[in-house]
Amino acid sequence: MELAIAKAIVHVLDPAGGAPVFSDRLLELEGETRDYLAGHLEKAYYNDAGKTCTFLAESTFPPLLLEEADFVQASKRIAQLFFDVMRQNAAIPAADLFVALCSIDGHESVAILKMNYKAAFAHFYQQVEGQHYNALIKQRTVLPPASTKPDESVIVDMTDGTVRLVEKKFELDGSKDFYISTRILHTTQTQPERAKLRAVQAAAAQAVKENYDDSKKTECEVATILCEEAAAGGGSLPVERVRRRIEEEFPLAAPAFAQELENTGLAPEERVEVPPARIRRMEFQSIKTESGIEMKIPTSLLAGENDYVEFINDPDGTISLLVKGIMI
């Protein structure tokens, strides 16, 4: 991922304070500050709990993103939109709101990271009756550590208007619902990328299982198809490519796969965004026996005929795995 942050600003959104605390100056993007922000931006971008959406025609949010001439003022208006919804709905957690203008893989983007506060203990020094006293105090406005993903984020690709959105449901007017997509951005509603990938995997596995006997072997071959196509697409998995591979390698399962996809609401022209970490996990299959023995084997070795591993269907209905060429 090629990430360049041109400018960024942070605003404090804590309804308990009565009003937002806006910054009038941009963040100084140096050293640990830049690393912290860049790390969270990358995690937000690759978060497979995110959804790929587009703005509805009636949305008034896009014009705010075009006000590059006064980035500070535009960021304040964005923060005010968040604060207004938060003030009316106490279940939405207080946070610092980072707004950044950046380039992601050559695409000019606007990123909004809502960094919900975490509680943490810190020491507190004071003097009591002439004695040194180190006490503990609970800090309630600690930002998430660098190792975690932002709870809520918006990344708008300014070249095509697509929105990568990570949001959570909170209690709104008596029922749990999303608020960023429905009350701030006004975007289309789509499935998270993680759910779309599971739907494609499940549809392919079910279709192949119904039409071919060697279920474990074919399951691994399906996993190989998904892994190869996701890697070939640079993390973008075209559903149509998966359909073609199923049609080529498992022709009997092709109609059932198309029907399963239709049942999930996924169109063949859709793409599923698969983060690098997910692709790395897809490259291996974990196999566990009843006795507790567990092995991780490259997915590519489990598909088709090879000189390394072999599935054997036993008379009692179980499957044995023969691993060849072991060196001790």
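Of everything in the range 70-91 that is among the basic types (Lys, Arg) and open to solvent by 50 Å² or more (accessible area, probe 1.4 Å), the residue that is nearest to TYR179 (Cα to Cα) is ARG87.
Against the conditions (1) on the phi < 0 side of the Ramachandran plot; (2) touching a strand residue (DSSP E or B) at 6+ places or on another chain (Cβ under 7 Å); (3) in contact (Cβ under 8 Å) with a residue 60 or more places away in the chain, ARG140 satisfies every one except (3).
So, of the residues in the range 179-195 that are surrounded by 19 or more Cβ atoms within 10 Å (Cβ to Cβ), modelled with pLDDT of 90 or more and not in a loop (DSSP other than H, G, I, E, B), which turns out to be farthest from the chain's Cα centre (by Cα)?
Filtering the range 179-195 for residues that are surrounded by 19 or more Cβ atoms within 10 Å (Cβ to Cβ), modelled with pLDDT of 90 or more and not in a loop (DSSP other than H, G, I, E, B), the one farthest from the chain's Cα centre (by Cα) comes out as ILE184.
Taken together, the residues in the range 3-59 that are under 27 Å from ASP84 (Cα atoms), buried (at least 19 other Cβ atoms within 10 Å of the Cβ) and aliphatic (A, V, I, L, M) amount to 7.
Checked against (1) small (Gly, Ala, Ser); (2) touching a residue at least 60 places away in the same chain (Cβ under 8 Å); (3) out of contact with any helix residue (DSSP H, G or I) (no Cβ under 6 Å at 6 or more places or on another chain), ALA49 passes all but condition (3). Considering the range 206-234 alone, what residues qualify as being among the small types (Gly, Ala, Ser) and surrounded by 18 or more Cβ atoms within 10 Å (Cβ to Cβ)? Once the filter is applied, which keeps residues that are among the small types (Gly, Ala, Ser) and surrounded by 18 or more Cβ atoms within 10 Å (Cβ to Cβ), the range 206-234 yields ALA207, ALA223, ALA230. Among the residues of the range 131-153, are any open to solvent by less than 10 Å² (accessible area, probe 1.4 Å), of a type outside the set (Asp, Glu) and modelled with pLDDT of 95 or more? Yes; the residues of the range 131-153 include at least one that is open to solvent by less than 10 Å² (accessible area, probe 1.4 Å), of a type outside the set (Asp, Glu) and modelled with pLDDT of 95 or more. Kindly evaluate LYS169 against the criterion of being farther than 30 Å from GLU247 by Cβ and open to solvent by less than 60 Å² (accessible area, probe 1.4 Å). The answer is no for LYS169.
The values are calculated or read from the model by the stated rules, or taken from the named source; none is laboratory data. Source: prediction; values computed, not measured. Note: ideal-geometry Cβ built from the backbone for every residue, glycine included; neighbour counts use all protein chains shown. Just so you know, the surface numbers come from the protein's heavy atoms only, side chains and all, with ligands and any DNA or RNA stripped out. Shrake-Rupley method; radii C 1.70, N 1.55, O 1.52, S 1.80 Å.
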